[in-house]
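Everything below concerns the one structure shown next.
The values are calculated or read from the model by the stated rules, or taken from the named source; none is laboratory data. This structure is a prediction, so every number in the text was calculated from the model and none was measured. Here Cβ is always computed from backbone atoms with ideal geometry, including for glycine, and neighbour counts include all displayed protein chains. Just so you know, the surface numbers come from the protein's heavy atoms only, side chains and all, with ligands and any DNA or RNA stripped out. Shrake-Rupley method; radii C 1.70, N 1.55, O 1.52, S 1.80 Å.
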Amino acid sequence: MFKIYHINHTIIGEYMKKLTLYNIFLFLSNISRNIVEIFSFVYLYQKGYKIKNILLFYSIYYLVGVFISYITVYLTKCIRRKVLLIISGLLYGVSFYYLSVMSMTNYNLVILSIILSTSSFIYHTIRHYYAMNLVDKVEDKKIASILISAYLPIIFSSILGSYIVDKYSILVSSIIVIILSVISIIPLIFIRDDITNNKIEYSKINSNKLVFFILEQFKVIFLLLEPIYLYLYVKKSLNYVGTFNILICISSIIYLYYIAHRININKYFKYINIIFCLVLLLKLNITNKYILLVVALLEGLGIKSFELTSNKNIYNIENSNINGYLITCELIFCFLRSIICLMFYLFIDNIKVMLYISLVPIFLISFAKLSDIKK
């Protein structure tokens with residue numbers, strides 16, 4: 001009996017060690033990546049690109065992501081994931097440098113979208129792979145720890161993003177981003193990363209989950225457009241956009257740490273998400289920069305309730321072939337986001353209208369069936 005207990009205790013200890021190492025990787029990598037990503041829409045606008053051109057940039061960015069996600073999974077059959085993450089970090093630094101020095105042409109915009117997409121979706125595909133391997137049970141506490149590790153760095157990135165760009169040369173800034181990206185991979189050295197030639201098998205996504213995935217992409221686009229909305233309609237300041245994101249993160253982390261794992265989010269998701277939508281609607285009708293900072297605290301609560309359910313949905317793997325499932329999910333995400341950005345590019349000129357349209361599917365997701373998400 002004691003022997004069985006000792007073995008189980010050892011297995012649990014090893015599992016928690018891996019989860020901790022993964023969370024450290026997530027924390028460090030998100031610091032470096034959000035230095036640029038959190039302000040990227042605003043950076044492009046400041047360089048002189050029109051909103052429509054930037055939407056086309058993101059449409060290409062996500063479309064390229066469809067292919068990069070697919071290729072990355074197949075590359076892991078012959079190249080270690082840590083090596084691919086190093087390549088991703090180097091490309092991310094290159095994309096930051098290119099963004100800073102490129103002239104304002106659509107040709108350069110396309111090149112930037114390809115470089116940044118290659119870096120981002122190598123990273124995101126591998127990040128999700130590690131998470132799916134570690135989160136063997138879809139538990140709120142485990143998901144909450146991953147979300148905290150992913151979003152706590154945004155506080156530092158919001159500060160570093162504006163500081164680095166103002167204080168250092170483009171070359172130095174790019175090197176800092178690359179160094180941070182490479183350092184973030186160190187914790188993964190201690191997680192075994194075997195190259196396997198297992199066959200990649202695909203299976204259908206549960207219909208309830210598919211509906212959730214489709215509607216959820218409008219939330220991603222809403223958050224993508226949010227910084228430029230704040231910049232155009234509230235205050236033309238990167239510091240203000242950064243402060244808004246910091247407040248969202250603070251309220252999110254408090255919520256995830258103290259509340260999220262104490263209640264059944266699935267049970268109350270419908271009501272929480274409706275309130276979240278009302279907060280977003282309120283935000284779109286307020287231009288007072290101080291009142292909006294209070295709204296940011298409320299938004300943070302809603303976002304993390306949403307993303308806790310979303311991550312449980314993603315990591316509730318329906319088959320044992322993680323690579324096949326991962327490819328399917330990433331293709332759905334990237335393709336839908338590309339289509340949404342393209343539709344906005346073709347038919348809509350106003351950021352506010354785009355946000356209002358995105359808000360409708362976010363509201364509808366309140367009524368999505370979550371019965372297939374296991375607790």
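Here are a few things to note about the model shown:
- Output for region 85-118, where each listed residue is without any contact (Cβ under 8 Å) to a residue 60 or more places away in the chain and open to solvent by less than 10 Å² (accessible area, probe 1.4 Å): S95, L112, S113, S117
- Test: S251 is surrounded by fewer than 20 Cβ atoms within 10 Å (Cβ to Cβ), over 30 Å from T328 (Cα atoms) and not aromatic (F, W, Y): yes
- Residues (assigned to a helix (DSSP H, G or I) and open to solvent by 30 Å² or more (accessible area, probe 1.4 Å)) located in region 228-237: L232, Y233
- Close pairs (7 angstrom Cβ cut-off, 6 or more residues apart or separate chains): closer than 21 Å to L346 by Cβ in region 37-58, open to solvent by 40 Å² or more (accessible area, probe 1.4 Å) and assigned to a helix (DSSP H, G or I) anywhere: K52/Y345; N53/N106; I54/Y45; L55/Y345; L56/Y345
- Boolean, Y45 is touching a Lys or Arg at 6+ places or on another chain (Cβ under 8 Å) and either of a type in the set (A, V, I, L, M, F, W, C) or under 20 Å from S103 (Cα atoms) (or both): no
- Filtering region 89-96 for residues that are over 27 Å from I322 (Cβ atoms) and modelled with pLDDT under 85 leaves a non-empty set.
- Residue pairs meeting the criteria (Cβ under 8 Å; at least 6 apart or on separate chains; first more than 9 Å from A296 (Cα to Cα), in region 236-249; second of a type in the set (K, R)): Y240/K289
- Meets criteria (at pLDDT below 90, open to solvent by less than 30 Å² (accessible area, probe 1.4 Å) and not hydrophobic (A, V, I, L, M, F, W, C)) for N266: no
- A single member of T125, T72 is touching a helix residue (DSSP H, G or I) at 6+ places or on another chain (Cβ under 9 Å), of a type in the set (V, I, T), modelled with pLDDT of 85 or more and under 21 Å from L224 (Cβ atoms), and it is T125.
- Any hit, region 70-79, residues being open to solvent by less than 20 Å² (accessible area, probe 1.4 Å), of a type outside the set (D, E) and within 19 Å of the chain's Cα centre (by Cα): yes
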